[in-house]
Amino acid sequence: MIEHELRLIEALIFASAEPLDEAALAARLPEGADVTALLERLRQLYAGRGVTLVRRERGWAFRTAPDLAAQLRVETEVGRKLSRAALETLAIIAYHQPVTRAEIEEVRGVALSKGTLDVLFEAGWIRPRGRRRTPGRPVTWATTDAFLDHFGLESLDDLPGLEELKASGLLDTRPAMAAYSNRAQEEGPPVDMDEEAMPEPLDPLAEEAPMLPLKHKIPAED
């Protein structure tokens, strides 16, 4: 009789999605069953096994043995995707840093969504570098050490040549790029970033460009 009660209480706890208290168990057991004694015996039976009987507040449940938790943990690397617009923006920042938003748009020839810089900033690949010494003192952007780490670069000198990027179609070959380069040299380096210079929060917006794998070394594929 006790073995039957023990099997029954074991089945009840196993089948329950939530810990069961002694009152709930007693309601399903034969009248007069010693629920407390049964639970203690069941706990001893499972002691040292892969699954143990544990008490959670006033309820009882089966749980994985604590010493096995690390071996059962599954870590999955989830690949993120980077839009072509974001990849182009990252390349422009890498090669022309420090560079402003307007200068990025001039090189690309199209308006830049705030979401593009937002993605790169959240990834830790770019950071505000300072403000350009021009009217409005626009914020300039530069790459970070995390950018070098992700793409396996020791320094910016290891980036592919500009001609390679043009040949791959990553950068536009229109005159805007040369015009930007000449103007940036005339304006000089940006001033140091201060608290007021930090950019406003960027709103994530969807990009219309096709998606490319995030883990993709510059230059991008054709």
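Here, each number is a calculation from the coordinates, and none is a lab measurement. Keep in mind it's a predicted model, so treat the numbers as computed, not measured. We place every Cβ from the backbone using ideal geometry, glycine too, and count neighbours over all the protein chains shown.
How much length is gained on full extension from ASP157 to ALA65, taking 0.36 nm per residue of separation minus their Cα-Cα distance? Don't skip to the answer; put the middle values down first.
Working: separation 92, 0.36 × 92 = 33.12 nm, distance 5.16 nm.
Separation in residues times 0.36 nm, less the Cα-Cα distance, equals 28.0 nm.
I'd like the projected area of segment 2-70, averaged over all directions, using the convex hull of its alpha carbons. Report it in nm² with one decimal.
Working: hull surface 18.6 nm².
Taking the Cα atoms of segment 2-70, their convex hull projects to 4.6 nm² on average.
Measure off 7 Å from each Cα along the Cα-to-Cβ vector at THR36 and GLU3, then give the distance between these two points in nanometres to one decimal.
Result: 2.7 nm between the two label points.
Answer rounded, prolate or oblate for segment 95-148, using the Cα gyration tensor with square roots of eigenvalues a ≥ b ≥ c: rounded when a/c is under 1.5, else prolate when a/b is larger than b/c, else oblate. Could the numbers behind the result be given before it?
Working: a/c = 1.78, a/b = 1.26, b/c = 1.41.
Here segment 95-148 falls in the oblate category.
Taking the Cα centre of each part, how many Å lie between segment 99-134 and segment 2-16?
Cα centroid of segment 99-134 versus Cα centroid of segment 2-16: 63 Å apart.
Evaluate segment 1-122: find the radius of gyration of its Cα atoms, find its Kirkwood radius, and give the ratio Rg to Rh. Spell out each step's value before the answer.
Details: Rg = 29.5 Å, Rh = 19.5 Å.
With Rh from the inverse mean 1/r over Cα pairs, Rg/Rh is 1.51.
In what order do TYR46, TYR95 fall by count of nearby beta-carbon atoms within 10 Å, going from fewest to most?
On the way: TYR46 16, TYR95 20.
Ordered from fewest to most neighbouring Cβ atoms within 10 Å, TYR46, TYR95 come out as TYR46, TYR95.
Calculate, for ARG137 and VAL110, the FRET efficiency according to 1/(1 + (r/R0)^6) with r their C-beta to C-beta distance and R0 41 Å; round to the nearest 0.05. Before the final figure, lay out each step's value.
Details: r = 24 Å, r/R0 = 0.59.
Taking R0 as 41 Å, the efficiency between ARG137 and VAL110 is 0.95.
Sort HIS96, HIS4 so the one with the fewest other Cβ atoms within 10 Å of its own Cβ comes first. Numbers along the way, then the final one.
Working: HIS96 20, HIS4 11.
Fewest-to-most Cβ neighbours within 10 Å comes out as HIS4, HIS96.
Can you run phi through the Karplus equation (6.51, -1.76, 1.60; θ = phi - 60°) for segment 141-148 and list ³J(HN,Hα) in whole Hz, with x for Gly and Pro?
In residue order, the calculated couplings are 10, 9, 7, 10, 5, 5, 5, 5 Hz.
For a quick check: sort ARG73, ARG7 by the number of other beta carbons within 10 angstrom, fewest at the front. Please report the intermediate quantities before stating the final value.
On the way: ARG73 7, ARG7 11.
Fewest to most other Cβ atoms nearby, the residues stand as ARG73, ARG7.
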